[in-house]
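**Student:** Okay, handing you the structure first.
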Amino acid sequence: MASPVEHASFLPPVLTFLAAAVIGVPVFRLIGQSAVLGYLVAGVLIGPSGLSLIAEPETAASVAEIGVVLLLFIVGLELHLSQLVSMRRDIFGLGAAQLVACALVLGGVG
C-alpha cells in the first residue's frame, strides 16, 4: 500500500491540471471554440514542452490514466441499454470494419 507521502506528491500535478482546465476552457468557450480545444491547449502549455509545470511525462501519463477511467465511468453512467441496441449497427458493424481495416493496414506495414 502506498504511503501518505506518495499520495501527497501526486496532488500538485492533479491540482495543476485542474487549474489549467478551469482557466483554459472558459477562455476558449468565450471566444467561441470547443472546450476540448481548451483542454488540449492547457495541456500543452503546462506540459514539458510548454511552461514545464508538469516536468515529468510519467506524471502526466498517470494523471491521464485517471482521466480516462473517469471518462469511461461517466460514459457508462449515461449510456442506456436502449441507446446501445439502437447503435448496434454502428458499434458492431462499423467498429468491426474499422478493426479489420486497421489490422490489415498495420499487418501490411509490419
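Derivation of every value follows stated rules applied to the coordinates shown; laboratory data play no part. Fair warning: this is a prediction, and the values are worked out from it, not measured in the lab. In this analysis, Cβ positions are derived from the backbone assuming ideal geometry, glycine residues included, and neighbour counts consider all displayed protein chains.
**Student:** Give the Kirkwood hydrodynamic radius (Å, one decimal) of the chain, defined as one over the mean of 1/r across all pairs of different Cα atoms.
**Tutor:** 17.3 Å
**Student:** May I pose another question? Multiplying the sequence separation of Ser9 and Val109 by 0.36 nm and subtracting their Cα-Cα distance, what value in nm do you get?
**Tutor:** My answer for the length gained is 31.8 nm.
**Student:** Please report, in whole Å, how far the alpha carbons of the range 49-110 spread along each principal axis, starting with the longest.
**Tutor:** Cα spread of the range 49-110 along its principal axes, largest to smallest: 44, 38, 16 Å.
**Student:** Anything in the chain that counts as a DSSP H helix reaching 27 Å or more along its axis (C-alpha) with Kyte-Doolittle mean of at least -1.0? List them, would you?
**Tutor:** What comes out of the filter, once short or polar helices are dropped, is 4-30, 57-78.
**Student:** Here is a follow-up. Please give the charge dipole size of the chain, origin at the Cα centre, charges +1 on K and R Cβ atoms and -1 on D and E Cβ atoms. Round to the nearest 20 debye.
**Tutor:** The dipole magnitude comes to about 400 debye.
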